[in-house]
Amino acid sequence: MDTLATTSPSNVVQDPTQTLQRFDLLDLQQYTQEKSYSTHASKDFHLFYVGRDDVHEILKHVLSRVSVSLYMNMFGFDDDELNDILMTLAANPGITMMITLDKSQAGGVHEKKLLDSDMARNPTAFNTYFVVGQSATHQISHTKGFVADGKVGGEGSTNWSASGEGTFVVKGQAGGPGYKAQNNTQTIFTDPDAVSRFQTELIAEHMAARSR
């Protein structure tokens, strides 16, 4: 399969020197509108805003540094670049992954095309790590979050799409022709208890979706 080249500080997939082992939330302040946090900001939780902060780059920054494991459930999965990162990770046998997607959303035109492309690209990896299904109560699987390497969690209202994450046409700031941004939030957290509990929930949701 094709591999994703390192292109920017927020996308370092395949660079073994860049990991989450010493991740600090301060690493992400460069993607905020202010380029820095308040002096009163929490050291283990930060809330980002789509349209104000560059959420797409934040997600790339974290996901491209995965080297151990990724547990994820994403309701709206419609981002080619983030999908490429996941498929590159899926080709690495040293990384454990569980990717859960919602059955109703996966039937959308672009999302279906994206998943069909993943299947054609690497059917073994796709069938091993990805599952498309429903919640344990046969409803939509609506969680939008992940735990990376057992150290960094992400959760919020943000779907993976141009509008969901915000499209920064003018690099580094809101606005410009074709600018898109829904009212969404994205949290990144490192609190060990929250990370552990969320990872357990994501595994349970994956197993439920696999049986639906």
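The values are calculated or read from the model by the stated rules, or taken from the named source; none is laboratory data. Note that this is a predicted model, so its numbers are computed, not measured. Using ideal geometry, Cβ is built from the backbone for each residue, glycine included, and neighbour counts are taken over all protein chains shown.
Within the stretch 131-153, can one find any residue that is surrounded by fewer than 19 Cβ atoms within 10 Å (Cβ to Cβ), of a type in the set (A, V, I, L, M) and without any contact (Cβ under 8 Å) to a residue 60 or more places away in the chain?
Among the residues of the stretch 131-153, not one is surrounded by fewer than 19 Cβ atoms within 10 Å (Cβ to Cβ), of a type in the set (A, V, I, L, M) and without any contact (Cβ under 8 Å) to a residue 60 or more places away in the chain, which makes the answer no.
It is to be established whether one or more residues within the stretch 134-144 are modelled with pLDDT of 95 or more and not in a loop (DSSP other than H, G, I, E, B).
yes
Somewhere in the stretch 35-51, is a residue surrounded by fewer than 14 Cβ atoms within 10 Å (Cβ to Cβ), touching a strand residue (DSSP E or B) at 6+ places or on another chain (Cβ under 6 Å), of a type outside the set (Phe, Trp, Tyr) and within 25 Å of ALA162 (Cα to Cα)?
Yes.
Identify all residues within the stretch 128-149 that are over 29 Å from LYS180 (Cβ atoms) and under 14 Å from the mean Cα position of the chain (by Cα); write none if there are none.
Passing the criteria: only ASP149.
Just one of (1) among the hydrophobic types (A, V, I, L, M, F, W, C); (2) at pLDDT below 95; (3) under 11 Å from the mean Cα position of the chain (by Cα) trips up VAL109, so point out which.
Unmet for VAL109, out of (1) among the hydrophobic types (A, V, I, L, M, F, W, C); (2) at pLDDT below 95; (3) under 11 Å from the mean Cα position of the chain (by Cα): (3).
Here is a list of conditions, (1) modelled with pLDDT under 95; (2) over 18 Å from ALA120 (Cβ atoms), and MET98 meets all of them except one; can you say which number that is?
That leaves (1) as the condition not met.
Conditions: (1) of a type outside the set (S, T, N, Q); (2) outside any helix (DSSP H, G or I); (3) surrounded by fewer than 21 Cβ atoms within 10 Å (Cβ to Cβ). VAL13 meets all but one. Number of the miss?
Going through (1) of a type outside the set (S, T, N, Q); (2) outside any helix (DSSP H, G or I); (3) surrounded by fewer than 21 Cβ atoms within 10 Å (Cβ to Cβ) one by one, VAL13 breaks only (3).
Within the stretch 87-105, does at least one residue satisfy the condition of being part of a helix (DSSP H, G or I) and β-branched (Val, Ile, Thr)?
Yes.
When you check THR100 against the structure, is it touching an Asp or Glu at 6+ places or on another chain (Cβ under 8 Å) and under 19 Å from ALA204 (Cα atoms), yes or no?
Yes; evaluated as a whole, the condition is true for this residue.
Report every pair of residues separated by at least 6 positions or lying on different chains whose Cβ atoms are under 7 Å apart, first residue within the stretch 20-38 and more than 11 Å from THR190 (Cβ to Cβ), second among the small types (Gly, Ala, Ser).
GLN29/SER36
Surrounded by fewer than 18 Cβ atoms within 10 Å (Cβ to Cβ) and not polar (S, T, N, Q), is that true of VAL109?
yes
Specify which of the listed residues (ASP84, ASP118) is over 12 Å from the mean Cα position of the chain (by Cα), among the charged types (D, E, K, R) and either over 28 Å from ARG22 (Cα atoms) or part of a helix (DSSP H, G or I) (or both).
When all the criteria are applied, what remains is ASP118.
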